[in-house]
Every structure is written in structure tokens, then in C-alpha cells.
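Engineer: My questions will all concern the structure given below.
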Amino acid sequence: MASKEYGVDLDALDQLVKELNQVLKDMGGPKDKAKNQTYLPDSALGKGFSERDKMHKAHNDMKDFIQTQIVDKIEGLIDDFGKKSKQTKDAYADAEHNNTMK
């Protein structure tokens, strides 16, 4: 039974890390919009009726949900995957370097 050798394309892993870092950089736009560009002033919904407070609270709750439960979580997943991909690439590069030194 012949053993199979497996190769790892370090350039592809390096490219993946670069692309994931670019995605993180690009996430700044949605993150900024979720945080800063969805502001709703108190006076925007009028005054003197009970639903105003409910609508304003619903807006703030949804804004917070989008920022913390969607954008921040996606950003965290991408960052985690990018870091793990870089660690994997570095480990394979070190192993390859060690093998050539023997």
C-alpha cells in the first residue's frame, strides 16, 4: 500500500488571510452605518402620543441588535477564521522550513 503525500498551498492560505483581512476592513462600512448613521432623534417621531416612545425604543433596540447580534458577530467570525488560517499557514511554513533543514 503506497502512502499518499499531501501538499499545502501556502500561497493560497496567504491569499485567504489577505482576503479575509480585506473583508474585515470592508466591514467598517456596515459597522459605521449600524452604529452612527441610523440615529433617530427624539423629536423625529413627533410629540404627545404614546406610540412615539414605543417606536423610538423599537428603533433603538433594532439598531443595537443589528450592531451587536449581526455585524459584530459576523466580524468576529471572519476575524477568528482569519487568525486561525494565518496560524495554520505559519505552522505549515515552519514545518516546511524544518523539513528542508534536515
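Engineer: Return the sequence-ordered ³J(HN,Hα) values of the range 57-63 in whole Hz as given by the Karplus equation 6.51 cos²θ - 1.76 cosθ + 1.60 applied to θ = phi - 60°, using x for Gly and Pro.
Structural biologist: Residue by residue, the range 57-63 yields 5, 4, 4, 5, 5, 5, 4 Hz.
Engineer: How large, in percent, is the carbon and sulfur part of the accessible surface of the chain at a probe radius of 1.4 Å?
Structural biologist: Details: 4500 of 8160 Å².
Carbon plus sulfur share of accessible area: 55 percent.
Engineer: Could I ask something else about it? In debye, nearest 20: dipole of the chain around its Cα centre with unit charges on the Cβ of K, R (+) and D, E (-)?
Structural biologist: For this selection, approximately 400 debye.
Engineer: Per-residue HN-Hα couplings for the range 79-96, Karplus 6.51 cos²θ - 1.76 cosθ + 1.60 at θ = phi - 60°, whole Hz, x for Gly and Pro?
Structural biologist: 3J(HN,Hα) across the range 79-96, in whole Hz: 4, 4, 5, x, 5, 5, 5, 5, 4, 5, 4, 5, 5, 5, 5, 5, 4, 5.
Engineer: Given the Cα-Cα distance of Asp61 and Asp42 and 0.36 nm per residue of separation, how much length would full extension add, in nm?
Structural biologist: 5.4 nm
Engineer: For the chain, report the accessible area per residue in Å² (1.4 Å probe, heavy atoms, rounded to an integer). Before the final figure, lay out the partial values.
Structural biologist: Values: 8160 Å² over 102 residues.
About 80 Å² of surface per residue is accessible.
Engineer: Let me ask something else about it. Given the pairs Lys18/Lys63; Lys57/Lys83; Lys33/Lys86; Lys31/Lys84; Lys25/Lys73, which span a C-alpha to C-alpha distance of over 26 angstrom in this model?
Structural biologist: From the list (Lys18/Lys63; Lys57/Lys83; Lys33/Lys86; Lys31/Lys84; Lys25/Lys73), the Cα-Cα distance tops 26 Å for Lys18/Lys63; Lys57/Lys83; Lys33/Lys86.
Engineer: Testing the spin-label approximation: label points 7 Å from Cα along Cα→Cβ at Lys35 and Ile74. State their distance in nm.
Structural biologist: 1.6 nm
The values are calculated or read from the model by the stated rules, or taken from the named source; none is laboratory data. If you're wondering where the values come from, they're calculated on a predicted model, not measured in any experiment. Cβ atoms come from the backbone with ideal geometry, glycine included; neighbour counts cover every protein chain shown. Only protein heavy atoms, including side chains, enter the accessible area calculation; ligands, DNA and RNA are left aside. Shrake-Rupley method; radii C 1.70, N 1.55, O 1.52, S 1.80 Å.
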